[in-house]
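None of the figures in this text is laboratory data; all of them are computed from the coordinates on show. This one's a predicted model, so the numbers in the text were calculated from it and none came from an experiment. Cβ sites come from the backbone with ideal geometry, for glycine too, and all protein chains shown count toward neighbours.
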């Protein structure tokens, strides 16, 4: 799998915007090279599909996932069945092509070490050869520091939901990503973050993360 602790949760949106310029310009060589530079700096596995559902570009982590397909394919559980991840992603690309009203599909697979494998397929804006290309992103999210979060929650009297929001903040600062992970609205996430500020005395999300990191390392804040 890929290791992507530093990638932002808005990665798909950012890459979609970058690729939009390429699509509108009919794949000008200079813009393709620029976009590839953007794709190659992330540890996420990137797959770009053309309108026919064929893979036309992968970045280095994506290449490694493709190589595993022939030897030890990475499998995930979907609808109670285990299947190769890339097979599932190709099926999602095909499904999005049949349903223009659905611009994206996503999933996640918990791993034994507490980390997660996350994937998202997004139909890109623009049209090439009479259809829309798709972008797939696969990333590995490091295990959340559960014990450290629990100790912070106990010390400051956090509610169950506030503790869950804090755990998500320890991995991402994206409000939308936290809302998706917990199944709540972005407004509710912001309310919980305000409660966290009030209870802990922190003044920013970065300070909340440092609070967890300090607890994890055993240092005083």
Requested in this report: Starting with the highest mean, order 160-170, 175-185, 97-107 by the number of other Cβ atoms within 10 Å, averaged over the residues of each peptide.
Outcome: 160-170, 175-185, 97-107
Report task. Counting other beta carbons within 10 Å of each Cβ, put 204, 44 in order, fewest first. Result -> 204, 44
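Output the peptides 146-154, 87-95 sorted from most to least packed, where packing is the average of other Cβ atoms within 10 Å over each peptide's residues.
Those peptides, ordered most packed to least, come out 87-95, 146-154.
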Requested in this report: Please identify which residues in the range 95-111 have an amide N closer than 14 Å to a label point set 7 Å out from the Cα of residue 68, following the Cα→Cβ vector.
Outcome: 109-111
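Sort 71-78, 50-57 for me by packing, meaning the mean count of neighbouring Cβ atoms within 10 Å per residue, highest on top. Don't skip to the end; give the middle numbers.
Numbers: 71-78: 13.4, 50-57: 14.9.
The most tightly packed comes first, giving 50-57, 71-78.
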